[in-house]
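As structure tokens, the structure follows; a few thoughts come after it.
Values in this text are rule-based calculations from the coordinates and carry no lab data. Here the structure is a predicted model, which means the values were calculated and not measured. No Cβ is skipped: glycine too gets one built from the backbone with ideal geometry, and neighbour counts run over all protein chains shown.
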Amino acid sequence: MGRRLASGEAPDSCMVKKRSPLRQIRSRDQNIRLPRTVRNSLPLSLRGSYSTQSRHEQAFVGCRHAARNPNPEGSDFKWRNTRSDKTTVGTPMPVISIYNNKGGVGKSTLTVGLAEFLASNRKRSVLVIDLDAQSSSSGSLLGRAAVAHAIESQRTITRLAESIIQSGKSPKNLSAFITERPASTARGTSLEKIAILVPEKPGMLELEETMTQTKDLLALRAYLKPALASYEFVLIDLPGNIDRRSKLAVSALVMSDFVLIPVEPSQISLNALPDTFELIHRARELGKNGRPAIIGLVLNKTDKRTEQYRSKFPPILEAAGKGELPPVFENVIPDTPKLATATDETHDFSTLKDRFDTYYDHVRKVTRELEERCEEYAFAPEDGSAASYGGWLRRWFGALGNRKKIQAQRMRAQV
Ligand SMILES: Nc1ncnc2c1ncn2[C@@H]1O[C@H](COP(=O)(O)OP(=O)(O)O)[C@@H](O)[C@H]1O
Ligand SMILES: [Mg+2]
């Protein structure tokens with residue numbers, strides 16, 4: 001039987017053994033653990049208090065990762081404790097960019113959903129960096145008045161980036177730039193605190209003009225990333241329609257461990273993917289550390305029963321299975337006006353149920369899958385470059401075009 005880890009002690013794989021079901025149930029403060037079937041039978045509002053994973057299992061995951069590759073990404077990748085009791089080791093702190101070069105595919109909606117579920121359902125400390133000048137995700141999390149106030153008092157990512165790039169140093173007082181969405185006091189899965197870095201459009205354009213050297217594009221990774229180590233998840237909401245001249249966005253990609261790409265199952269949305277892959281590839285060339293890795297495509301506004309889905313996605317899933325495209329998340333987000341309401345900045349939500357209503361479970365499952373994929377990817381070798389993904393898509397688009405031409409020729413021949 002495995003013994004308990006002392007504070008700060010790293011687990012040794014040989015001491016992590018299977019425990020009898022009865023021994024798996026412990027008291028809350030010591031991380032109560034329930035078998036998955038029992039936990040799933042509880043009302044949703046109670047489930048968050050219980051885990052199906054023991055600390056030993058959590059530790060084991062970290063241990064397995066660390067054993068395979070102690071420092072997979074070079075010196076800037078952090079392995080660190082995520083629980084205050086310091087018995088969990090090896091969980092990475094991921095910086096995740098939510099990016100697709102097409103606008104309107106759900107980047108901001110997904111950022112808000114992930115931030116809320118990571119903070120309130122998974123009890124993680126979360127920082128959202130909103131790099132879209134339209135400030136959709138910060139508006140949705142904070143409300144318009146608080147965003148305006150943050151800009152007025154210069155608490156913005158723009159000012160923070162400016163001070164880092166100009167000084168070439170980590171920020172002395174990061175909290176002076178951060179705005180916090182306070183936790184609500186409602187019963188049930190009340191919304192937890194989330195930290196937000198708000199954008200400011202005019203300053204952003206000015207700053208980008210001053211970023212003339214490659215070192216400026218690497219500055220956020222060198223000086224900001226280490227200062228974010230107190231957060232368990234950093235989510236970056238990027239704007240659409242950007243290219244290599246969008247220097248702040250490129251430097252945010254360089255700082256990222258992963259990119260999550262929301263897509264809609266439509267040809268128009270897929271058409272934007274080669275550009276998306278190309279910019280990610282550019283960030284990798286600049287960063288020279290194999291990052292950011294594409295953690296996956298998340299299908300938004302999706303119903304698996306529709307013709308659009310059935311005609312477009314089987315070849316994409318097949319290519320993803322062979323590594324010719326990035327992985328596709330198993331869980332999808334449906335098309336529903338409820339999710340449009342969930343990000344409405346004029347609504348004052350106080351619980352997760354309030355905010356996501358009947359779509360609670362969809363967003364929860366995508367969040368969970370993201371966490372799991374982050375853990376797996378932390379050590380997986382990166383095969384297939386972002387550029388070759390674009391190549392696959394172009395060939396496929398070409399084939400689709402040819403099929404259309406052939407069909408048209410056949411139709412003409414029949415007439
Ligand atoms: N799953 C969904 N169902 C219905 N509407 C959605 C969904 N996801 C996003 N939307 C809506 O689509 C629009 C664009 O979403 P947004 O998250 O702002 O995209 P982006 O950040 O990529 O530009 C918004 O009006 C949003 O409310
Ligand atoms: Mg957006």
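Put simply, the amide H of residue 294, placed in the peptide plane, has neighbours under 5 Å in 259, leaving out anything fewer than 5 places away on its chain.
Let me check against my output: what whole-number percent is the relative contact order of the range 213-305, with C-alpha pairs under 8 Å and at least 6 apart?
Working: 94 pairs, mean separation 31.1, N = 93.
In percent, rounded to a whole number, it is 33.
Provide the net charge surrounding residue 105, with neighbours chosen by a C-beta distance below 15 Å and charges set as Lys +1, Arg +1, Asp -1, Glu -1. Numbers along the way, then the final one.
On the way: positive: 102, 107, 301, 312; negative: 132, 237, 264, 275, 335.
So the environment of residue 105 carries a net charge of -1.
Spatial offset of the range 116-177 relative to the range 310-362 amounts to 24 Å, using the alpha carbon center of each.
Along the range 298-313 the Karplus relation, 6.51 cos²θ - 1.76 cosθ + 1.60 evaluated at θ = phi - 60°, assigns HN-Hα couplings of 10, 7, 10, 6, 10, 10, 5, 8, 6, 4, 3, 5, 5, 7, 9, 8 Hz to successive residues, with x for each Gly and Pro. Taking θ as phi - 60° and the Karplus parameters 6.51, -1.76 and 1.60, the scalar couplings of the range 145-158 work out to 4, 5, 5, 4, 5, 4, 5, 4, 8, 6, 8, 9, 5, 4 Hz in sequence order, x denoting glycine and proline.
Other residues with beta-carbon under 9 Å from the beta-carbon of residue 356 carry, at +1 per Lys or Arg and -1 per Asp or Glu, a net charge of 0.
Which shape class, rounded, prolate or oblate, goes with the range 71-403 when its Cα gyration tensor gives a ≥ b ≥ c as root eigenvalues, a/c under 1.5 marks rounded, and past that a/b bigger than b/c marks prolate?
Details: a/c = 1.43, a/b = 1.15, b/c = 1.24.
Judged from the Cα gyration tensor, the range 71-403 comes out rounded (a/c under 1.5).
Across the range 396-401, rounded Karplus estimates of 3J(HN,Hα) from the backbone phi angles (6.51 cos²θ - 1.76 cosθ + 1.60, θ = phi - 60°) give 5, 4, x, 5, 4, x Hz, Gly and Pro being marked x. For the range 137-250, the square roots of the Cα gyration tensor eigenvalues, ordered a ≥ b ≥ c, give a/c of at least 1.5 with a/b greater than b/c, which places it in the prolate category. Under a 5 Å amide H cut-off, with hydrogens placed 1.01 Å from N, residue 194 pairs with 181 among residues at least 5 apart or on other chains.
Peptides 110-123, 139-152 ordered by packing proxy, namely the average of other Cβ atoms within 10 Å per residue, highest first: 110-123, 139-152. Here the range 71-403 is assigned +1 on the Cβ of each Lys and Arg and -1 on the Cβ of each Asp and Glu. Its dipole about the Cα centre then comes out at about 340 debye.
Going by average Cβ neighbours within 10 Å, how do the peptides 163-174, 360-371 rank, with the highest at the top?
On the way: 163-174: 14.2, 360-371: 19.4.
Packing proxy ranking, top to bottom: 360-371, 163-174.
The mean sequence separation of alpha-carbon pairs under 8 Å and at least six residues apart, normalised by the residue count of the range 71-403, gives a relative contact order of 23 percent. Using a simple spin-label model with pseudo-atoms 7 Å out from Cα toward Cβ, residue 229 and residue 193 lie 2.0 nm apart.
Ordering of 188-196, 346-354, 295-303 by packing is 295-303, 188-196, 346-354, highest average first (other Cβ atoms within 10 Å, averaged per residue).
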